[in-house]
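Student: Below: one structure in structure tokens.
The values are calculated or read from the model by the stated rules, or taken from the named source; none is laboratory data. On a predicted model such as this, the values are computed, not experimentally measured, just so you know. A quick note on method: Cβ atoms are made from the backbone with ideal geometry, for glycine too, and the neighbour counts reach across all protein chains shown. Just the protein is used for accessible areas: all its heavy atoms, side chains included, with ligands, DNA and RNA removed. Shrake-Rupley method; radii C 1.70, N 1.55, O 1.52, S 1.80 Å.
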Amino acid sequence: MKLQLGTLLLALVAAHASPAAADPITIDHVTIVDVVDGTRTQNRSISFDGDRILAIGASPLRRLPGRRVDGTGLFVLPGLWDMHVHSHRERRWTYHYPLFRAFGITGVREAGTHLGSALALREQAKTNPLAPRVIWGTPIVDGAPQVNSFGLSAEDEASGRQLVQQLHRLGFDFLKVYDRLTPGAYRGLTSEARRLGMPIEGHVPLALSPDLAIASGQRLIDHLTLIAEGCSSQSLDVVSRENARNPRESDSISVLTSDAVESAMAKFDVRACRPLFGRLARGRVWQVPTYVQLEGMANTATPPAVWPARADYVSPDLRHDWETSAKEADRAELINTRRMLDIQLSMLKPMADAGVPILAGTDTSNEIWVFAGYSLHRELELFVKAGLSPLQAIQTATLNPRVYAGQDRAKRLIVAGERADFVLFAADPTVDIANLATIRGVVARGVYHNREALDALLVDAKLRAKDAGR
């Protein structure tokens, strides 16, 4: 019965999705929203064939072959990017991919998985029509012992250099660094990565500082690691002492939410961060806050009703882990995590105002109450709550990933010749971020999905999540 239902769902998706190999498709009478500046161009037609936009012009574009779709009343924006996921292990991709597509996510940054999984899935993703475009990070490179089961260890400068050489040879897009690296190992990793032209991204190791990361050429910092603490030398000293107590067991969450660090941060004033924000801006060091990760942790035991209602979108084993965490949650730790989230939220607008580049990411993996697809929309809502305009929030998931990848910030994303990756909304999310919930269609890798096809993908994701890991 399960196989029959899956077959029926795939047939429903196919019935409402136009494959890239079909004739060109033209969507008429839409409003195109330029995420560079928020301007709207009404009553336009977009024609695409395969992976590229063929033409854009006043509706209706005439003398074009293929299928026509009436897009009256719809707003077209570029496809969204989730710039921090861990989707390529434990068969998560089987349910993450349909969820990404259903929520308008056409690209992701894979922030670390098992080496073998990454090498195999890099090839498979190229031909999977549901796969997002993927920026592939190396397996996490940490000190020893590893925090993560899927990581690699660099115990000193020489081993760091050797690891980078091998990972660069394997063709990864960036080097992912982590919490337990010693200063020597980090020096070996970063100096060799710079020599080879391999971008350095990830955490600021707990034995170091944001300023050392900037000086070492680290291009991106995940989770705002040590940014708030790095605004004060006294707070950073407390982090160092906490880490030094048991460096073989420490990790950023346990250290940064410890009573000692929270006490040191009790009088946090974001104005003290201006010098650091200026240095991050001058160094063009990207920040991926992943607020939804902290929000989920802070609400481990008391989640809003909408979160447990989505639990069918994760594997049964992961759901069980979450339920166990909710029962065993330590109240003091939850309070400290909430305080950490509040501090980090207070930093976002001042960072953006200072010119620090921001990217939206979720840490979709096994983090409690973080869901593929949905949580990126929630992250953008939190960006607006923290002071960004809806347009600025949307830019962190559309324009900014292209700039991160080397594209000119002024270049339009929805023009002839560009990738056919875009989302159709019933209302404009650059005006009200809640309008992210009004997706009516998605075009990704040249495939058009109407609302019925997207709904079928949501059902399919539940089935695949149920089977993941078995």
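Student: (1) crowded, with 18+ Cβ neighbours inside 10 Å; (2) closer than 24 Å to Glu452 by Cβ: which one isn't true of Thr113, the others all being true?
Tutor: With respect to (1) crowded, with 18+ Cβ neighbours inside 10 Å; (2) closer than 24 Å to Glu452 by Cβ, Thr113 is out only on (2).
Student: Which residues, taken from region 278-305, are open to solvent by less than 40 Å² (accessible area, probe 1.4 Å) and on the phi > 0 side of the Ramachandran plot?
Tutor: Across region 278-305, the qualifying residue is only Thr290.
Student: Given the conditions (1) within 28 Å of Val384 (Cα to Cα); (2) open to solvent by less than 50 Å² (accessible area, probe 1.4 Å), and given that Arg440 satisfies all but one, which numbered condition is not satisfied?
Tutor: So Arg440 meets the others, but not (2).
Student: Quick one: what pairs do we get from region 234-249, first residue under 16 Å from Pro145 (Cβ atoms), second part of a helix (DSSP H, G or I), C-beta under 6 Å, 6+ apart or different chains?
Tutor: Listed pairs, sorted by first residue: Asn243/Val255.
Student: Give the residue, chosen from Asp408, Asp428, Asp421, that is closer than 24 Å to Asp173 by Cα and surrounded by fewer than 21 Cβ atoms within 10 Å (Cβ to Cβ).
Tutor: Within the list Asp408, Asp428, Asp421, the selection yields Asp408.
Residue-wise test of (1) over 14 Å from the mean Cα position of the chain (by Cα); (2) open to solvent by 20 Å² or more (accessible area, probe 1.4 Å).
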position: Asp82; (1), (2): no, no
position: Arg89; (1), (2): yes, no
position: Thr106; (1), (2): no, no
position: Arg122; (1), (2): yes, yes
position: Pro129; (1), (2): yes, yes
position: Val134; (1), (2): no, yes
position: Ile140; (1), (2): yes, no
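Student: Does Leu236 meet the test of being modelled with pLDDT of 95 or more, over 20 Å from Arg339 (Cα atoms) and not in a loop (DSSP other than H, G, I, E, B)? Outline the logic, then answer.
Tutor: Numbers: modelled with pLDDT of 95 or more: yes; over 20 Å from Arg339 (Cα atoms): no; not in a loop (DSSP other than H, G, I, E, B): yes.
So Leu236 does not fit the description; no.
Student: Here's something else I'd like to know. Pairs, please: C-beta under 6 Å, at least 6 apart or cross-chain, first residue within 19 Å of Val134 (Cβ to Cβ) and in region 346-371, second surrounded by fewer than 23 Cβ atoms within 10 Å (Cβ to Cβ) and of a type in the set (S, T, N, Q)?
Tutor: Leu359/Asn400
Student: If I go through region 47-81 residue by residue, how many of them are among the aliphatic types (A, V, I, L, M), without any contact (Cβ under 8 Å) to a residue 40 or more places away in the chain and in a strand (DSSP E or B)? Before the answer, list the steps.
Tutor: From region 47-81, those among the aliphatic types (A, V, I, L, M) are 53-56, 58, 61, 64, 69, 74, 76-77, 80; that's our starting set.
From the residues that got through so far, the ones that are without any contact (Cβ under 8 Å) to a residue 40 or more places away in the chain too are 58, 61.
Restricting the remaining residues to those that are in a strand (DSSP E or B) gives 58.
Adding up the residues that qualify gives 1.
Student: For a quick check of your reading of the model, give me the residue pairs whose first member lies in region 449-470 and is open to solvent by 40 Å² or more (accessible area, probe 1.4 Å), whose second is small (Gly, Ala, Ser), with beta-carbon atoms closer than 7 Å and at least 6 apart or on different chains.
Tutor: Cβ pairs passing all conditions: Arg451/Gly441; Leu463/Gly6; Gly469/Ser315.
Student: Suppose we filter Ser263, Ser250 for residues that are of a type in the set (Gly, Ala, Ser) and within 29 Å of Phe174 (Cβ to Cβ); which single one remains?
Tutor: Exactly one residue qualifies, and that residue is Ser250.
Student: Could you count how many residues in region 306-334 are without any contact (Cβ under 8 Å) to a residue 40 or more places away in the chain, over 27 Å from Thr94 (Cβ atoms) and surrounded by fewer than 14 Cβ atoms within 10 Å (Cβ to Cβ)?
Tutor: 4
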